[in-house]
Amino acid sequence: MALVGIARLASESPLLEAKRVVQYFEIPSKSILNRTKPTMPFRWTINPYRGCEFGCKYCYARYTHEFMEMDATEFEDKIYAKAAAAHLLRQELARIDRKDGIAIGTATDPYQPAERRFGRTRAILEVFAHNRGRHIGIITKSDLIVRDIDLMKDIARANVFGVHITITTLDPHLARLLEPRAPHPDLRLDAVSKLSEAGIVVGVNPNPVMPGITDDEHSLDRLAKACRDAGALTFGGGPLFLMPSAQKVFFPFLEREFPHLVERYRELYARSAYLGRDYKDVLAARVRKIRDRYGLVSGMVEYKPEIWIEEQGELFEDNA
Ligand code: SF4
């Protein structure tokens with residue numbers, strides 16, 4: 001039957017805009033702890049989700065969706081929550097050395113919007129809250145992390161525990177361009193304050209530092225000062241790593257928003273996804289100087305937890 005009236009008009013209307021639709025899936029996993037390369041500062045990583053809704057233009061983890069035969073841009077629209085994450089973790093922790101460092105959120109954000117609904121990160125923290133004598137860190141851009149301060153306080157009493165909040169810039173306009181759906185920088189700074197007030201060791205990483213966009217000394221200095229004032233103890237910056245899957249999103253973004261930088265970036269990343277030694281050395285010296293200015297340190301802060309065990313650890317382990 002031919003459409004008439006408003007039905008016909010509707011069917012012929014040109015599309016003005018299509019709203020993003022995010023789809024959530026549950027994916028089975030063989031394991032939840034992933035072993036890192038020996039050069040990394042931690043031995044194991046945990047990423048409760050595959051894909052990340054924050055959609056940062058520079059995100060290096062987009063390649064993980066290519067493993068599933070998906071386009072790099074689907075990384076932010078198809079989010080996979082790992083099934084039985086807490087159950088797997090309990091089993092796998094029993095098999096690894098207690099001294100091994102474990103970092104949560106190295107590839108995708110553990111406090112992205114999916115976490116509000118599926119709670120995989122909280123379930124993992126509940127497991128760690130029954131552990132003793134481990135070294136555990138979390139990396140996130142999200143102020144949702146403050147929801148779990150209760151669990152983090154328990155973990156930090158019996159394990160060396162720290163949080164790294166990523167803030168690339170204090171400029172809200174620039175942050176919106178670079179990280180379209182990540183929380184506003186002020187919300188992240190507020191999360192730093194709340195974690196610090198709760199006695200949690202917290203630091204800020206301005207990563208990735210982007211040449212010509214976020215790497216000038218004045219911006220990094222302003223950021224480090226604001227972080228120190230909010231209670232951060234650490235500050236560490238590394239340069240942008242741009243593998244081919246990330247370049248597919250980042251270069252069109254540069255062409256749109258920073259056309260004057262396109263040629264420079266093409267030269268910088270012509271031979272490798274990593275920047276050369278010269279740039280790295282200059283940036284490292286700049287960040288070190290800023291850190292010293294504000295009494296900040298790099299890396300994870302070691303401290304002796306209230307309840308601490310070493311060799312006799314097994315006696316205290318609660319694998320409930
Ligand atoms: S928050 Fe991290 S994982 Fe998520 S899109 Fe941004 S860079 Fe990628």
Restricting to the range 274-297, give me the number of residues that are over 21 Å from the mean Cα position of the chain (by Cα) and not in a helix (DSSP H, G or I). 3
If you scan the range 227-273, which residues turn out to be closer than 23 Å to residue 297 by Cβ, touching a Pro at 6+ places or on another chain (Cβ under 9 Å) and part of a helix (DSSP H, G or I)? 227
Hits in the range 166-190 (condition: among the hydrophobic types (A, V, I, L, M, F, W, C) and within 14 Å of the ligand (Cβ to nearest atom)): 167, 175, 177, 178, 182, 187
Could you go through the range 167-177 and let me know if any residue there is touching a strand residue (DSSP E or B) at 6+ places or on another chain (Cβ under 9 Å) and more than 16 Å from residue 52 (Cβ to Cβ). yes
Which one is surrounded by the most Cβ atoms within 10 Å (Cβ to Cβ) among residues in the range 97-115 that are away from the ligand (no atom under 12 Å from the Cβ) and in a loop (DSSP other than H, G, I, E, B)? 98
Candidates 163, 127, filtered to the one that is more than 15 Å from the ligand (Cβ to nearest atom) and surrounded by 17 or more Cβ atoms within 10 Å (Cβ to Cβ): 127
Selected residue (only one of 155, 136 is touching a helix residue (DSSP H, G or I) at 6+ places or on another chain (Cβ under 9 Å), more than 30 Å from residue 274 (Cβ to Cβ) and crowded, with 22+ Cβ neighbours inside 10 Å): 155
Sort out which residues of the range 54-96 are modelled with pLDDT of 90 or more, closer than 19 Å to residue 121 by Cβ, within 11 Å of the ligand (Cβ to nearest atom) and part of a helix (DSSP H, G or I), and write them in order of number. 61, 75, 76
Reported set for the range 145-163 where residues are of a type outside the set (Lys, Arg) and either free of Cβ contacts under 8 Å to residues at least 40 places away in the same chain or assigned to a helix (DSSP H, G or I) (or both) is 145, 146, 148, 149, 150, 151, 152, 154, 155, 156, 158
If you go through the range 247-283, how many residues are over 19 Å from residue 215 (Cα atoms) and touching a residue at least 60 places away in the same chain (Cβ under 8 Å)? 2
Any hit, the range 130-138, residues being in contact (Cβ under 8 Å) with a residue 24 or more places away in the chain, within 16 Å of the ligand (Cβ to nearest atom) and among the basic types (Lys, Arg): no
Tell me yes or no: at least one residue of the range 164-174 is without any contact (Cβ under 8 Å) to a residue 40 or more places away in the chain, touching a helix residue (DSSP H, G or I) at 6+ places or on another chain (Cβ under 9 Å) and at negative phi. yes
Tell me which residues, restricted to the range 30-53, are closer than 19 Å to residue 112 by Cα and either part of a loop (DSSP other than H, G, I, E, B) or within 12 Å of the ligand (Cβ to nearest atom) (or both). 32, 47, 48, 49, 50, 51, 52, 53
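The values are calculated or read from the model by the stated rules, or taken from the named source; none is laboratory data. What you are looking at is a predicted structure, and each value in this text was computed from that prediction instead of being measured. For neighbour counting, all protein chains shown are included, and Cβ atoms are generated from backbone atoms with ideal geometry for every residue, glycine included.
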